[in-house]
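S.K.: My questions will all concern the structure given below.
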Amino acid sequence: MKNKILLFLMILFSFSLTACKKKDDKPLSETEYYVYYINTAMDKLVENRYTVSLPNDDVDELVDELMTQFLKVPDDLEALSALPDKVTFQGFNRDGNILYLNFDTNYQSMDVSREVLARAALAKTLTQIDGIDYISIRSGDQPLINALGENVGLISSSNFINSVSNVNSFEKATLTLYFADEEGTKLVPETREMFYDMNTSKERLIIDELMKGPANTRLKATIPNDTKVISVTVNEGICYVNFDEGFLNALPDVLDSITIYSIVDSLSELPNISRVQILVNGKSDKNYNSISLGTSVERNLDYVKEEK
């Protein structure tokens, strides 16, 4: 119940990555730029108007000056640097309209939500420079990898992660996901806070996060790793999760019921979900090993391991 209340409040007071300092109505002059930081709650960007001291026709010098400002928050600004102190900036290079930013390995190990904020702040600050349309981030000489293990690639202020079309389309969510315990016979809740694209439904987000597996190394994944998601839809309180046939390759060390209720109980944390129907290639006439997928299933917390 407590988790549901927290989730409801998070949705009610949802926020985006818009700058929390109100913009000056006066247009920027030719020597002015916005430098982006994050607020003290670490959930929004803060913009600060800055006048460069160098001619704005030298791109490399502009990058160097803006990055110097980016890394040091002005004393009179109530904000934090988008990057934690442990992350070291190691320089940059350019190739056409792409700016390559080099950081040490601590960048890749940043908290997911903090890294999304940092990525947005870097993109919004540096792509203001004429001639720079994209940034690319490297951590320890390696391309930046997202939580799905995918190369993030080129980042711009209007399209800075995967298929997101607007940096203001991010929202923070607190998810309660259920994974298998060490024996594979009980469910253990794991709370996960993250930013996500509001164009993605929370139901799909939950399934995607379940498929990544648990962060706690003592827990076990509950969805076969060769599974692909075809679709996740909701109709009249029933969430329809449509997997491909890879889902039928049941996990040998996790009870069948634990896999099913890992999905059902995780989705049922959402207030709009009362039952879950698992499909395989759009059909319900399949069995997950010993369990029929013929009907929708409601939440059952009897499988959740009791805290000692």
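S.K.: Only one of these conditions is not met by M10: (1) in contact with a Ser or Thr (Cβ under 6 Å, 6 or more places away or on another chain); (2) at pLDDT 70 or above; (3) open to solvent by 30 Å² or more (accessible area, probe 1.4 Å). Which number is it?
M.R.: The single condition M10 does not satisfy is (2).
S.K.: Look at the range 179-203 and say how many of its residues are farther than 22 Å from R114 by Cα and open to solvent by 50 Å² or more (accessible area, probe 1.4 Å).
M.R.: Of the residues in that region, 5 qualify.
Let's see how each residue does on (1) over 25 Å from the mean Cα position of the chain (by Cα); (2) open to solvent by less than 30 Å² (accessible area, probe 1.4 Å); (3) modelled with pLDDT under 95; (4) farther than 16 Å from L187 by Cβ:
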| residue | (1), (2), (3), (4) |
| --- | --- |
| S231 | no, no, yes, yes |
| Y240 | no, no, no, yes |
| D256 | yes, yes, no, no |
| Y261 | no, no, no, no |
| S266 | no, yes, no, no |
| V276 | no, yes, no, no |
| G282 | yes, no, yes, yes |
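S.K.: Can you find a residue in the range 47-66 that is closer than 26 Å to D197 by Cα, at pLDDT below 95, open to solvent by less than 70 Å² (accessible area, probe 1.4 Å) and under 20 Å from the mean Cα position of the chain (by Cα)?
M.R.: no
S.K.: If you scan the range 284-305, which residues turn out to be part of a loop (DSSP other than H, G, I, E, B), loosely packed, with under 14 Cβ neighbours inside 10 Å and without any contact (Cβ under 8 Å) to a residue 12 or more places away in the chain?
M.R.: Matches in the range 284-305: D285, G294.
S.K.: Can you pull out every residue in the range 204-220 that is more than 19 Å from the chain's Cα centre (by Cα) and either surrounded by 17 or more Cβ atoms within 10 Å (Cβ to Cβ) or assigned to a strand (DSSP E or B) (or both)?
M.R.: Correct list: L219, K220.
S.K.: Scan the range 201-250 for residues that are within 18 Å of L270 (Cβ to Cβ), among the hydrophobic types (A, V, I, L, M, F, W, C) and in contact with a Lys or Arg (Cβ under 7 Å, 6 or more places away or on another chain) and jot them down.
M.R.: Passing the criteria: V232, I238.
S.K.: Does E78 qualify as being open to solvent by less than 30 Å² (accessible area, probe 1.4 Å) and either in the same structural domain as T191 (by the TED database) or among the acidic types (D, E) (or both)?
M.R.: Taking the combined requirement at face value, the residue does not satisfy it.
S.K.: Something else now. Starting from the range 111-132, take each residue that is in contact (Cβ under 8 Å) with a residue 60 or more places away in the chain and within 15 Å of L80 (Cα to Cα) and list its partners that are open to solvent by 20 Å² or more (accessible area, probe 1.4 Å) and charged (D, E, K, R), counting only C-beta distances under 9 angstrom and pairs at least six apart or across chains.
M.R.: Once the first residue is in contact (Cβ under 8 Å) with a residue 60 or more places away in the chain and within 15 Å of L80 (Cα to Cα) and sits in the range 111-132, its partners that are open to solvent by 20 Å² or more (accessible area, probe 1.4 Å) and charged (D, E, K, R) give S113/D43; S113/K172; S113/E193; L117/D43; L117/K44.
S.K.: While we're on this one: Starting from residues that are aliphatic (A, V, I, L, M) and either in a loop (DSSP other than H, G, I, E, B) or free of Cβ contacts under 8 Å to residues at least 12 places away in the same chain (or both), keep the ones in the range 242-254 and report whichever is surrounded by the most Cβ atoms within 10 Å (Cβ to Cβ).
M.R.: Going through the qualifying residues, I end up with V254.
The values are calculated or read from the model by the stated rules, or taken from the named source; none is laboratory data. For clarity, every value in this text was computed on a predicted model and none was experimentally measured. Don't worry about glycine lacking a Cβ; one is built from the backbone with ideal geometry, like all the others, and counts go over all protein chains shown. Accessible surface is based on the protein model in full, side chains and every heavy atom, while ligands, DNA and RNA are left aside. Shrake-Rupley method; radii C 1.70, N 1.55, O 1.52, S 1.80 Å.
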